[in-house]
Amino acid sequence: MKKRFNILILAFMLALNSCDKYLDNTPLPLSVIPSESLYQSDKLVASVVNGIFVSTTTAGAFSGPTFSDMVMVSGMFTDELLNLVPGNNFDVFYKNNIQPENSPFWNDFYGKIYIANAALEGIQSTSANLQFKEQWLGECYFMRAFLYYHLVNFYGGVPLAVASDYRVNNRLSRSSEELVFKQIIADLKLAKNLLSDGYRDGSGNSSTKRVRPNKAAAKALLARAYLYAGQWQEAENEATEVIQDANYALESLNKVFLAGSKETIWSLANGEPKTNAYFKAFNNGMPAVLTGNQTPGTFNIFGVITDQLYASFEPADERLNSWVRTVKAEASATRPETIYHLPSKYSSPVNDAELTVPLRLAEQYLIRAEARAHSNKNTAWDDLNIVRKRAGLAAIQTGDIMVAIAQERRVELFTESGHRFFDLKRTKQIDQVMQNVSPLKQSNWKSYMALWPIPNVDLFQNPNLTPNPGYGQ
């Protein structure tokens, strides 16, 4: 794996006059590898941990309308998003033609894992009396689990780097998916025990903002990990604890993604006030009617909802009105009238009015429904119908419960955190779905494409790292 960092440890920190720059809890840049001097106070530790959180929204997988954003590329890769500009950088994802040189997440996630590992070692070994030591440790364990959860879903079994010695990490072979999930679960158990019930800010103080993980966030991600690992009772137990927590409640559809939403279990922090990345990706001020030579590309909109996703909603589903936006391009000399449907979960141009939400309560109901269904419990229908009721749909009690849950996950969690791609893979539906849609995408789907390629440079640097099959590496 990639461990080719700029090692600026001591010289860089000395140049900053013993870290004075970071005493106000400014996030430490990820290009700076933390040294022992950074673990002598809560303020200095905060600068390291804050850097991990802030980096999730400033670059990489959750950065919005970029060619390395998870929602965009996984939506293009599957059947959620239509690429409007053939030949652009999204096209390799849309046409299922990812190559090692444009595999987007491997280095980003491992870079963040490296910093989390270094922070865990530094916090555990410091002799300083840290008031918020458990919080910092819990946050690092949580983020390491969060990052490995995404790595294993995109790449399959991956090297488990749980220390900061790059000489060791550069020689690690791949662990099985089962072992990776065991590590994810172990980290989240630690995080659950270390994190506080309430939310805290980047200084460790109590906060009403839900931008740092708390105990409930660890439980929510643990419920998801148990579900993916096929541990049904454990998944049900963790989801139940979150559902029964009075701090969380399903909101009306137009309030789900607001910064103060009670449905939010954990949202991503912005490093500075800004408009939500997915408002920019799918709205960006584009009017409801495009005239003249205007196209979605005029407003830097490159992806819209596919006909398949739009047709999957029941006609009475209120999510169509609240979470899907229709834009009409008027007929002109160069085009017929065209109707576009776009995700509209994030609809406000106001800075920080909406925050990206990786963990929310509706998913916990669907996790518990699926876990109960696997255990042949009729109460699975109850959880499913709670989510349906919020969407204005009638309760159902008959049919294939697993099909009903998969359908509900599709229309509830669309264009969120790669859920559609991951769900298709873990339920073994990926080949059937992709073979049906690949002719529409002008792609040639093969089963090996469900695992993305590892960058060539990392295979070259680590002789023990084996490639995913099918990519000619």
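For segment 218-237: of the residues being of a type in the set (D, E, K, R) and closer than 21 Å to SER267 by Cα, which is least open to solvent (accessible area, probe 1.4 Å)?
Our first condition is that a residue be of a type in the set (D, E, K, R); within segment 218-237, this holds for 219, 224, 234, 236.
The next check asks that each one be closer than 21 Å to SER267 by Cα; those that pass are 219, 224.
Working: LYS219: 36, ARG224: 3 Å².
Going through the qualifying residues, I end up with ARG224.
If I go through segment 416-437 residue by residue, how many of them are among the β-branched types (Val, Ile, Thr) and part of a loop (DSSP other than H, G, I, E, B)? Break it down into steps so the answer makes sense when it comes.
Applying the first criterion (among the β-branched types (Val, Ile, Thr)) to segment 416-437 yields 427, 430, 433, 437.
Now drop any that are not part of a loop (DSSP other than H, G, I, E, B), which leaves 427.
Result for segment 416-437: 1.
Could you tell me whether TYR114 is touching a helix residue (DSSP H, G or I) at 6+ places or on another chain (Cβ under 9 Å), of a type in the set (Phe, Trp, Tyr) and open to solvent by less than 10 Å² (accessible area, probe 1.4 Å)? Before you say what the answer is, go through the steps one by one.
On the way: touching a helix residue (DSSP H, G or I) at 6+ places or on another chain (Cβ under 9 Å): yes; of a type in the set (Phe, Trp, Tyr): yes; open to solvent by less than 10 Å² (accessible area, probe 1.4 Å): no.
Judged against the criteria, TYR114 is not a match.
What are the pairs, 6+ residues apart or on separate chains, where a residue within segment 249-277 that is under 23 Å from GLY51 (Cβ atoms) and without any contact (Cβ under 8 Å) to a residue 60 or more places away in the chain has its Cβ under 9 Å from a residue that is of a type in the set (S, T, N, Q) and in a loop (DSSP other than H, G, I, E, B)?
Note: pairs meeting the criteria are GLU272/ASN351.
Taking segment 175-199 as the search range and keeping residues that are more than 21 Å from the chain's Cα centre (by Cα) and farther than 18 Å from ALA145 by Cβ, which one is surrounded by the most Cβ atoms within 10 Å (Cβ to Cβ)?
GLY198
Tally the residues that are crowded, with 16+ Cβ neighbours inside 10 Å and not in a loop (DSSP other than H, G, I, E, B), restricting the search to segment 438-473. Before you say what the answer is, go through the steps one by one.
Initial filter on segment 438-473 (crowded, with 16+ Cβ neighbours inside 10 Å): 438, 441, 443, 445, 449-455, 458-459, 462, 465, 467-468, 471.
Subsequent filtering for residues that are not in a loop (DSSP other than H, G, I, E, B) retains 438, 441, 449-450, 458-459.
The qualifying residues number 6.
Does GLU412 meet the test of being under 30 Å from MET286 (Cβ atoms) and either of a type outside the set (A, V, I, L, M, F, W, C) or out of contact with any strand residue (DSSP E or B) (no Cβ under 9 Å at 6 or more places or on another chain) (or both)? Even if it seems obvious, please write down each step before you answer.
Numbers: under 30 Å from MET286 (Cβ atoms): yes; either of a type outside the set (A, V, I, L, M, F, W, C) or out of contact with any strand residue (DSSP E or B) (no Cβ under 9 Å at 6 or more places or on another chain) (or both): yes.
Criteria met by GLU412.
Could you give me the residue pairs with C-beta distances under 6 Å whose first residue belongs to segment 63-75 and is closer than 21 Å to LEU309 by Cβ and buried (at least 20 other Cβ atoms within 10 Å of the Cβ), whose second residue is among the aromatic types (Phe, Trp, Tyr) and modelled with pLDDT of 85 or more wherever it lies, and which are 6+ apart or on separate chains?
Every condition considered, the pairs that remain are VAL73/PHE93; SER74/PHE421.
For every residue, the table says whether it meets (1) in contact (Cβ under 8 Å) with a residue 24 or more places away in the chain; (2) among the aliphatic types (A, V, I, L, M); (3) closer than 19 Å to GLN308 by Cβ.
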{"site": "ARG390", "(1), (2), (3)": "yes, no, no"}
{"site": "LEU393", "(1), (2), (3)": "yes, yes, no"}
{"site": "ILE401", "(1), (2), (3)": "yes, yes, no"}
{"site": "THR415", "(1), (2), (3)": "yes, no, yes"}
{"site": "ARG420", "(1), (2), (3)": "yes, no, yes"}
{"site": "LYS425", "(1), (2), (3)": "yes, no, yes"}
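Pull up segment 334-379, narrow it to residues that are within 16 Å of the chain's Cα centre (by Cα) and polar (S, T, N, Q), then point me to the one that is least open to solvent (accessible area, probe 1.4 Å).
This residue is GLN364.
Here is a list: LEU151, LEU137, LEU82, LEU147. Which entry is open to solvent by 40 Å² or more (accessible area, probe 1.4 Å), touching a residue at least 24 places away in the same chain (Cβ under 8 Å) and of a type outside the set (Asp, Glu)?
Answer to the check: LEU82.
Do you know which residues across segment 298-326 are touching a Gly at 6+ places or on another chain (Cβ under 8 Å), in contact (Cβ under 8 Å) with a residue 40 or more places away in the chain and either surrounded by fewer than 15 Cβ atoms within 10 Å (Cβ to Cβ) or of a type outside the set (Asp, Glu) (or both)? Write out each step before concluding.
If we filter segment 298-326 for residues that are touching a Gly at 6+ places or on another chain (Cβ under 8 Å), which is where we start, we get 299, 303, 316-318.
Still in the list and also in contact (Cβ under 8 Å) with a residue 40 or more places away in the chain: 303, 316-318.
The answer is GLY303, ALA316.
Take the conditions at pLDDT below 95, more than 25 Å from the chain's Cα centre (by Cα) and part of a loop (DSSP other than H, G, I, E, B) and apply them to GLY271. Does it pass?
Values: at pLDDT below 95: yes; more than 25 Å from the chain's Cα centre (by Cα): no; part of a loop (DSSP other than H, G, I, E, B): yes.
The answer is no for GLY271.
Yes/no matrix, rows are residues, columns are (1) of a type outside the set (Gly, Ala, Ser); (2) part of a helix (DSSP H, G or I); (3) under 23 Å from SER41 (Cβ atoms):
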| site | (1), (2), (3) |
| --- | --- |
| ARG167 | yes, yes, no |
| LEU179 | yes, yes, no |
| GLN183 | yes, yes, no |
| ASP187 | yes, yes, no |
| GLY204 | no, no, yes |
| ARG210 | yes, no, no |
| PRO213 | yes, no, yes |
| ALA216 | no, yes, no |
| ALA225 | no, yes, no |
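The values are calculated or read from the model by the stated rules, or taken from the named source; none is laboratory data. The shown structure was predicted, so the numbers you read here are calculated from the model rather than taken from an experiment. Positions of Cβ are backbone-derived with ideal geometry, glycine not excepted, and every protein chain shown enters the neighbour counts. Just the protein is used for accessible areas: all its heavy atoms, side chains included, with ligands, DNA and RNA removed. Shrake-Rupley method; radii C 1.70, N 1.55, O 1.52, S 1.80 Å.
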